[in-house]
């Protein structure tokens with residue numbers, strides 16, 4: 001990963017809070033970093049990073065370990081108290097557990113945030129493959145089943161904004177052409193089922209379906225994920241769709 005360009009350095013936040021957020025964002029993306037690498041990624045001076053890390057650690061927002069610096073437990077506690085996410089997660093868990101019990105595969109619950117999906121809950125299967133997804137983690141929306149399921153029912157401006165920022169490939173199977181993505185979203189809008197065919201990770205497939213709120217707008221998506229060699233993504237689609245519909249009804253969504 002290249003260092004920040006001069007324009008990006010000039011645009012870095014002037015406030016202490018803004019610089020602290022840069023540090024938190026860098027750790028949210030990478031998990032664990034040292035001061036030098038964090039300075040390179042954020043464009044902040046090492047002395048500034050060192051000072052802010054010390055302050056954030058004193059408030060348990062960061063944790064300094066032998067391996068490096070990582071996000072602190074207090075941030076997790078804050079996240080658990082965000083009203084919308086907490087209520088959505090609590091409502092979804094019974095349906096996610098039923099889906100996992102029926103399929104013995106990993107189940108995800110995710111929401112859209114800008115051009116990325118954020119995972120609110122993950123129920124891992126015993127034989128689950130190693131996945132890049134984690135609770136609180138982010139992935140490019142167009143490269144995931146949950147992301148495409150949400151995008152298919154989002155306002156056109158949301159899709160336009162995502163395309164305008166560029167469609168980066170994660171694997172050779174990732175949809176990276178605007179026209180192909182729009183066609184894919186059109187098919188998903190008709191079936192309410194989305195597939196990730198090794199688009200986020202080679203060897204991994206998933207089936208996803210959108211979840212709607214009481215105003216009829218898409219609020220999240222549920223997915224089932226597993227090895228491409230053992231998970232028949234099309235066969236499990238009805239089960240995923242049923243779980244998403246049941247959760248939508250629980251949230252008060254009107255019939256579609």
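Read-outs throughout are calculated quantities, based only on the coordinates presented, and are distinct from any laboratory measurement. Computed from a predicted structure; not experimentally measured. Don't worry about glycine lacking a Cβ; one is built from the backbone with ideal geometry, like all the others, and counts go over all protein chains shown.
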* Can you tell me the order of 45-51, 149-155 when each peptide is scored by its average per-residue count of other Cβ atoms within 10 angstrom, highest first? => 149-155, 45-51
* Helical mean residue ellipticity (222 nm; -39500 (n - 2.57) per DSSP H run of 4+; nearest 500) of the chain -> -13500 deg cm²/dmol
* Could you work out the relative contact order of the chain, using alpha carbon pairs under 8 angstrom and six or more residues apart, expressed as a whole percent? => 14 percent
* Most to least packed among 113-119, 133-139 [average Cβ atoms within 10 Å] -> 113-119, 133-139
* To do: With everything on Cα atoms, drop me the angle between helix 16-30 and the longest principal axis of the chain, reported from 0 to 90° to the nearest 10.
  => 50 degrees
* Working from the pairwise distances between different alpha carbons, so that the mean of 1/r is found and then inverted, what is the stretch 87-181's Kirkwood radius in Å? -> 14.4 Å
* What span do the alpha-carbon atoms of the chain cover on each of the three principal axes, reported in whole Å from largest to smallest? -> 55, 39, 37
* Candidates 130, 169, 97, ranked by Gaussian network fluctuation over the chain, Cα under 10 Å, top entry -> 130
* Structure fact -> The helix 83-103 Cα axis meets the longest alpha-carbon principal axis of the chain at an angle in degrees, between 0 and 90 and rounded to 10, of 50 degrees
* Could you state the angle between the C-alpha long axis of helix 46-58 and the longest principal axis of the C-alpha atoms of the chain, as a value from 0 to 90 degrees rounded to the nearest 10? => 60 degrees
